[in-house]
Each structure stands twice: as C-alpha cells, then as structure tokens.
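Asks: One structure coming up, written as structure tokens, with questions to follow.
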Amino acid sequence: MRYRFSARAWFWLGPLSLAGLIQAASAADDAACAETMPRPPLAAAKNSTPASDLPTDIRAQTVYAVEGGATEFTGKVEMQRGNQSIMADKMFYNAANDQAKATGNVTLKEVTGAKYLTQEAEINLTSRIGHAGPSTFRLENNSGRGDAQYVEFAGPNITRLTRVRYTTCAPNQDDWFLKMRSLKLDTQKGIGTAYNSSVNFYGVPLFYLPYLNFPITDQRKSGFLIPRIGHSTQRGLEIATPYYLNLAPNYDATLTPHYMSERGTQWQSELRYLTRQSDGILEFEILPHDHIQNQNNTTTSSLNQGDNRAAGTYKHRQTFSPLWSGNVDLRGVSDKEYLDDFGDNLAITSQTHLPQNAEIDYRGPIWNFSSRVAAYQTIDRTIAPADRPYARLPQLNLALNLPVTPKRVNYYFDSEAVNFKRGVGVIGERVNLSPALSFPWENSYSFVTPKIGLRHIAYRLANSPEDSAALTRGVFSLDSGLFFERDSRWRQKIYTQTFEPRLYYLYIPYKNQDALPNFDTGLPDLSFPNLFRDNRFTGGDRVSDANQITAAMTTRFIDADDGVELVRASLGRIYYMQDRKVNLPVNVSPVISSSADTTASSDIVGETIVTLPHNWYARANADWNRADDHMQKYSIYLQYNPAKNRIINVGKRFARNELEQSDISTEWPIAGRWTFRARSLYSLRDSRNVESSAGVEYNACCWAFRIMSGRRLFIDTAHDNAATQKRSIMFELELTGLAKLGHVPESPLRQSMFSFPSKLPESTETVTY
C-alpha cells in the first residue's frame, strides 16, 4: 500500500511538466484573480479498451476520397475517439493504418486533458507516434499554459518537447516563464527529464538548472528543490538549497545546507514517516562555529565566536487501536539566544521553556486513561532553579467517562498520580482522587443540578520536613438556571431574545493547607466561565474552602430566520459568605496574601460577542473591581471583514499593573493590484513597540511580490534586561504553481486572536482593474 505526504509548508514545487504543473497555488486571495485550487497531477487515463477498438467519429463540411485508401476532410473538421480529439481546418485520415494528418488551426486534445494548438500535426492514433510543429498548449481546466517549438509523440508513454516555456500567467501576460531547452515526459515511469532549465521573471533569469529529473505523477522522487533566498541584518544574505530524498513510499528526508553570510553555513535535516497507524517528523539543525559578527550588538555576550549552535524537534503520533493512542513531543536548543537569532516572530522568540513529553492515552466508552512523562528545557537561564517547572516522571490519569443523563444519578471519578522531579527544592509523589455524584433535573425552561463529591490529596515527599501529608475534603454544589425567551423586532426583522439567569452555590469546608507543597498549583484568570469552577485553584495541591453563590445572567439575540446567534452577552459575580483562608504562598502568587481573603464578593466579570451589520464583528471581556471602582482587566477586539481580501483588526488588552497593549492590523487593496498589509503590537504602558511590520503586496494573479519592514522588541537578559529593537526587511516573491522565494509575516487575515465564530459569506464584490 502506498502513502502520500502533503505539500511542504515552506516551499511549493509542483512537478515541472505539462501534466504535473497544474498543481498551482494561489498567489493571493484576490477577487480579480481566478482561484487556482491544488489538483492531483494528471496521468494517462486508464481504459481497458484498446485505442484501436474505440469508435472513431469524424465530422466535417466536405469529405473526399483520395488515393491509397485515405480520406480528406475539410472545413471545421472534428475527430473524436474516446477522450482524445483533433480539430482542424483540414485532415487526412487513413483508416487502414489509423494515421491522421491535420493542418490549419489544429487543436489536439490528449486523454490527460492537455490541449496542443498548432498549425500542423501528424499522429498515429493507435501507436501514438507522430509530431506537431510549433505549438502552444494548455493544461486541464486552463491551470497552466506554454509553448514549444516542436512536439514529438514517441509512443503511448513518451512525449518529447523542444524549446519549451511554461507559465501559470493568463494569455498575453508573459510575466514569468519556466524555460527548458528540451523536455521528455515518460508517463509509464512517471518521470520527466528537462535540460538547461531556467526561471525567467520579466526577462531576468532567477536561477538556472542544467538538469532536472522529476516525477510527473503523485509519486515522489529524489532531487533538489527550489532554493530559498533571503536577507536579514542579523544573518546577512541567506541561501538554502534543499535536497529531497525519496527513501521509501512511506518515508522521506530533506537535507538543506543553509548559507548565512554573517554566521556561516547551517545544516538542516528533516525526516518524515507515515505508516498505517503512526506518523512523525524529526528535525535537526546545526550551525558549526557561529561567526557571531555582532557589530549591531544583536547577540548577547553569553555566546562566544566559534560556538556550535543547534536545535532539534521530534514529534510522533501513534494509533495502537481505536481506543489506544500515543504521542511524543521533544524539543530542544543549544542556548537561549538560538530562538532570538534564528526565530522569525515574537511567538517563537518569547518562549522560555521547551516541552519534552511522551504520552499514551486510552479513550474508552466508560474510562479514560493516560500515562505521561513530561519535562521542560528552560532556555532562559535567568529563571532561578527554584522557579522552573517540575518534571513529571510519570503522570498517570484515570477518569470515568459516562454520558450525563437527566433525572437519574450520574457518577464521576477523576484521579491522578504524579512523581514530581526537580534539581532543587521539595520533590515527591502526589495522588489526587475526586469521586462525585449528581442528579441533574431539567425541563424546557429550567434546570437544577445538585452534586456531592470528595477531594483527597496524599503526598510522599523528599527534601521536606515532613515525608508525607494528606488532605480530604467534601464538596457540595448546586447549579440552577432558568430560560426565558421572547420575540423582538429591530428594523423590521424578527429576533428571538433569551434571558438566562443562573445561580451556582458551592460549599467546601476549610482545612489549613499551608504545610502542603506546591508542585503545579496556581490561580486562573477570573473570567465568566471560571465563575462556575468547583475549585478556585488550578493544579492538584490545594482544595479551596468555599461557601459562596455565583449569580450570573446571559442574554442572546438569535436570528429567527436562520438560527444564527448574533449577540451573546453574559455578566456574573461571586458572593462570598465566609472568608477564604486557603491560599498560595506569597512568592508563588504575589496577588494573594497568605492571610485570609476577606472580600465579600468577587469582581464583576462579563463577556460579549456581537455580529454586527455590514461585516462588523466584536468581542469583549471585562473584569471590574467594584471595591476600588476600577477596571482590573479587559480585552476588546473589533473586526471589519467585508470581503475575503479586506480586513481591519483593532484590539486592546489591559491588565492593571501588568500590561496595556494595542494590537492593530490590516490587509486592504489600495490601488489596482496593490495591497497594503500592516500590524502593530504596541505597549501603551511602556510606550514602546513590541512587534510591528508594514509593507505592500503586488498581486498579478500568476505571481505576487511582497515586501515588509519589521521591528521586534528584544530584551537582552545578559545586559540588565536592556530593551532594543531588532529591525528587518523581508521580501517574498511567489510564482504561482512553481516556487516561493523569501518569507514575510503572517497575513492579518489569519490572526487567531481575531477569530470569530460567525462564518463569512462568500464575497459577491467584483473588482475591476
């Protein structure tokens, strides 16, 4: 059985042939450009009937019999045999030897879907031996076109073309061409061979390859891939030349020498594999003897000239059976500065810990089980050893997985056993057990769910005054709510408005837990969903004491015609009937004192999501501190997305005494085929840029060019956390269906933080250039 890998994320090189180059990637989401969807490479159509046995249908305005048994057809001649056809002004056809000779506006359509347009062609329809003069061609569904000085049909599986040009540009738009002095296509072996090939962009050759040998079907083949070229102030001129190794139908590798003028040559490798029950990828890269030419002070002093730099990743997914699965995720780097020096965005460079996990999972109809070993590489050496996360060697979880059934007793059970390891501080083993019972009752307008359970924590410790500890607490909750709805009219349209009040009571008796260690416990952010937690802590080291009621309400506006939720707004607060005495140590959570929390109520929290008219969308979350009458935390996101290639995102995040950031991005056509793209992530609290970029894109449908200027905040931990700005100029040239050179930041159209649940309708806007 054969397997296929998906197209690689950082390059696109379709098979360079009349059959294979139809795999065109869209240069940009432009309404004026016809969308080019990836299609499977063409192969000769399979037909159990020999070509000579298929009926031949010929139509013409005039028919003459000539000597030698041939017939002459003139005037709008059309010959059809199966999926093969010839159209011409004149044709001579000899039925005895199945030979056809066509002249004048000849169109030859092959079974693959490719069309040749020429002034003369001669071919034996049985043996497929023949030739055509200077020709132009089009691939299936007009996905590519080109021309050749001479086409030779050398049998059922061989086609030879001389002086070939290929492009995905529209007719009369000869912006770029792949030129080949000669091209041989062997459909039986699935191989194409080209000599003296070059890619020309506006007459300028971008690169030259004297020899190309490539697959023309979906079968992979070893060979060089399109090189990657770029430039940055930190790495200088960059040239990467990947070499692809087709090791077997189900695994392959790519080796890439990556030359950087400022740093040296980095060697990159990638191995991918796929079996019936698993898949994985192993990536490793090393830069021997880093030059570290630090003229701009962009590299910290913790590195010395000539140091070896390396990074690696291994990811594996395994399906043992329909119920059992596993995964591995291992990542590591040689030094903290590696991500700063070779990462391209803030999400990568801001990482302080890299995961090293392996897990086995069971998901059954009654029980869920997982076994996991987890550790982290702390790449930020300024983090004290006592503040680094614990390794879990191992972590075992067992939980009951029964569906909730109304009006009957429901059973719950969660458990966890973990062995925490670290080089300093208290270490040990912890067991958590949480059995519970509930009896949910509901009808069309209300629900009530009482629930009673138990929380048990037990420790066996080392490096601690006590070698063991345990805690058991009972938990009782009562969740209830009502549903009201009414019809509401706005601008002559009917909506269904709901009002959903909810009360949630929680009781857990207090017990002092200051002597218990803290391996993984913290406080989650206060949010609307967290108002209904049965433990105000995350992790397994604390059981909160509680005697509290959550009062909340939600209202929705639903389109009565299609059922789409247009507005959802929620508001809630917790009222405490006794002080909270269980807390975390001060050095673990500075916002919490080790003494009792005596506030009578929590902050008021709310959230709302709105789908506004004319393609506007909004989302907001807020945390209001009523005691001091100030906003503790909030986030607001507003989006205008009138078409798939037009978007404006405006966002702001605020956390009192922590951060205040604005996030603005846009992608918008500005003139003709030009599009402006920009993003600014700015710290209002510190009055400095965090990450920003701006630039333009020119989209010509069959190619696109993007140039961006960017700045990114860099905190130099080796120099008293000095803040500097790293600048870069990035470019990307994409030849649709062939290659992409360079790299630019992610499009604002795909920023995950601005994702909204409503799906955009297909744009009906027409753009004319």
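The values are calculated or read from the model by the stated rules, or taken from the named source; none is laboratory data. Since the structure is predicted, the reported quantities are computational estimates derived from the model, not experimental observations. Every residue, glycine as well, gets a Cβ built from its backbone with ideal geometry; the counts of neighbours run over all protein chains shown. Protein only, heavy atoms only, side chains kept; ligands, DNA and RNA dropped before computing areas. Shrake-Rupley method; radii C 1.70, N 1.55, O 1.52, S 1.80 Å.
Asks: How large, in percent, is the carbon and sulfur part of the accessible surface of the stretch 229-268 at a probe radius of 1.4 Å?
Replies: Numbers: 1090 of 1670 Å².
Accessible surface attributable to carbon and sulfur in the stretch 229-268 totals 65 percent.
Asks: Rounded if a/c is under 1.5, else prolate if a/b is larger than b/c, else oblate: which is the stretch 69-227, with a ≥ b ≥ c the root eigenvalues of its Cα gyration tensor?
Replies: Values: a/c = 2.42, a/b = 1.69, b/c = 1.43.
In terms of gyration-tensor shape, prolate.
Asks: Please state the Cα pair-distance histogram of the stretch 168-285 with 10 angstrom bins from zero: what percent is in each bin?
Replies: 12, 30, 34, 21, 4
Asks: Place a +1 charge on the Cβ of each Lys and Arg in the stretch 337-448 and a -1 charge on the Cβ of each Asp and Glu, then give the dipole magnitude about the Cα centre in debye, rounded to the nearest 20. Can you show the working numbers first?
Replies: Details: 10 positive and 12 negative charges, 125 e Å.
Computed charge dipole of the stretch 337-448: roughly 600 debye.
Asks: Quick one: Karplus J couplings for the stretch 677-692, per residue in order, coefficients 6.51, -1.76, 1.60, θ = phi - 60°, nearest Hz, x for Gly and Pro?
Replies: Each residue of the stretch 677-692 in turn: 9, 7, 8, 9, 10, 10, 8, 6, 5, 9, 6, 8, 6, 9, 7, 8 Hz.
Asks: Here is a follow-up. Grab the Cα-Cα distance for residue 553 and residue 94, subtract it from 0.36 nm times how many residues apart they are, and report the gain in nm with one decimal.
Replies: Numbers: separation 459, 0.36 × 459 = 165.24 nm, distance 8.50 nm.
Computed gain between residue 553 and residue 94 is 156.7 nm.
Asks: Return P(r) of the stretch 168-210 (all Cα-Cα pairs; 5 Å bins starting at 0; whole %; ordered from short to long distances).
Replies: Going out from 0 Å in 5 Å bins, the stretch 168-210 shows 6, 21, 21, 19, 19, 10, 4, 0 percent.
Asks: Quick one: putting +1 on the C-beta of Lys and Arg, -1 on the C-beta of Asp and Glu, what dipole do you get for the stretch 224-292 around its Cα centre, in Debye to the nearest 20? Please report the intermediate quantities before stating the final value.
Replies: Details: 5 positive and 8 negative charges, 23 e Å.
It works out to roughly 120 debye.
Asks: For the stretch 357-419, report the accessible area per residue in Å² (1.4 Å probe, heavy atoms, rounded to an integer). Kindly include the intermediate steps, with their values, before the conclusion.
Replies: On the way: 3480 Å² over 63 residues.
On a per-residue basis, the stretch 357-419 sits at 55 Å².
Asks: Follow-up. Leaving out same-chain residues fewer than 8 places away, which aspartates and glutamates sit with a Cα under 18 Å from that of residue 493?
Replies: In chain and number order, the partners are 485, 559, 561, 562, 565.
Asks: Once R0 is set to 41 Å, what does the formula 1/(1 + (r/R0)^6) return for the Cβ-Cβ distance between residue 54 and residue 676, expressed as a FRET efficiency to the nearest 0.05? If you can, show how the numbers build up before the last one.
Replies: Values: r = 56 Å, r/R0 = 1.36.
Once rounded, the FRET efficiency stands at 0.15.
Asks: Say each of residue 688 and residue 207 gets a label point 7 Å from the Cα, pointing the same way as Cα to Cβ; how far apart are those two points in nm?
Replies: 3.9
Asks: Now, a different point. Collect residues whose amide H, placed 1.01 Å from N in the peptide plane, falls under 5 Å from the amide H of residue 335; neighbours closer than 5 in sequence don't count.
Replies: 310
Asks: In Å², and per residue, what accessible area does the stretch 495-622 have when probed at 1.4 Å with the other protein chains present? Could the numbers behind the result be given before it?
Replies: Values: 5980 Å² over 128 residues.
On a per-residue basis, 47 Å².
Asks: Using only alpha carbon pairs under 8 Å that are at least six residues apart, calculate the relative contact order of the stretch 105-235 and give it in whole percent.
Replies: Details: 281 pairs, mean separation 16.7, N = 131.
Answer for the stretch 105-235 is 13 percent.
Asks: With +1 on each Lys and Arg Cβ and -1 on each Asp and Glu Cβ, how big is the dipole of the stretch 448-520 about its Cα centre, in debye rounded to the nearest 20?
Replies: Values: 10 positive and 8 negative charges, 100 e Å.
For the stretch 448-520, the charge dipole is close to 480 debye.
Asks: Applying the Karplus parametrisation 6.51 cos²θ - 1.76 cosθ + 1.60 with θ = phi - 60° to the phi angles of the stretch 557-563, what ³J(HN,Hα) value in whole Hz is obtained for each residue in order, glycine and proline being reported as x?
Replies: Each residue's phi maps through the Karplus curve to give 10, 10, 5, 5, 7, 10, x Hz.
Asks: I've got another one for you. For the stretch 60-204, what is the accessible area per residue in Å², given a 1.4 Å probe and the full set of protein chains? Before the final figure, lay out each step's value.
Replies: On the way: 6830 Å² over 145 residues.
Here the per-residue accessible area is 47 Å².
Asks: Given the convex hull over the Cα atoms of the stretch 467-541, what projected area results after averaging over all orientations, in nm²?
Replies: On the way: hull surface 30.0 nm².
Mean projected area of the Cα convex hull: 7.5 nm².
Asks: Considering only protein heavy atoms and a probe of 1.4 Å, how much of the accessible area of the stretch 466-603 is carbon and sulfur, as a whole percent?
Replies: Details: 3870 of 7300 Å².
Using a 1.4 Å probe with all protein chains present, the stretch 466-603 comes out at 53 percent carbon and sulfur.
Asks: Here is a follow-up. Let me know the shape class of the stretch 77-121, please: from the alpha-carbon gyration tensor, a ≥ b ≥ c as square roots of the eigenvalues, rounded when a/c is under 1.5, otherwise prolate if a/b is greater than b/c, or oblate.
Replies: Details: a/c = 2.01, a/b = 1.11, b/c = 1.81.
The shape class here is oblate.
Asks: Filter 511/633; 76/101; 109/189 down to the pairs with a C-alpha to C-alpha distance above 24 Å, please.
Replies: Details: 511/633 31 Å; 76/101 14 Å; 109/189 22 Å.
Cα-Cα > 24 Å for 511/633; rest within.
Asks: Given R₀ = 45 Å, FRET efficiency for residue 482-residue 320 by Cβ-Cβ distance, to 0.05?
Replies: Working: r = 46 Å, r/R0 = 1.03.
Efficiency, rounded to the nearest 0.05: 0.45.
Asks: Given H placed on each backbone N at 1.01 Å, which residues far from residue 523 in sequence or on other chains put an amide H within less than 5 Å of it?
Replies: Amide H neighbours of residue 523, under 5 Å, 5+ apart: 538.
Asks: In addition: Which percent of the accessible area of the stretch 144-189 is formed by carbon and sulfur heavy atoms (probe 1.4 angstrom)?
Replies: On the way: 860 of 2140 Å².
The value for the stretch 144-189 is 40 percent carbon and sulfur by accessible area.
Asks: Accessible area of residue 388, 1.4 Å probe, to the nearest 10 Å²?
Replies: For residue 388, the solvent-accessible surface is approximately 60 Å².
Asks: Explain nothing, just compute: Karplus ³J(HN,Hα) = 6.51 cos²θ - 1.76 cosθ + 1.60, θ = phi - 60°, for every residue of the stretch 483-497 in order, whole Hz, x for Gly and Pro.
Replies: Karplus values, whole Hz, x for Gly and Pro: 10, 10, 8, 8, 7, 10, 10, 9, 6, 6, 10, 8, 10, 9, 9.
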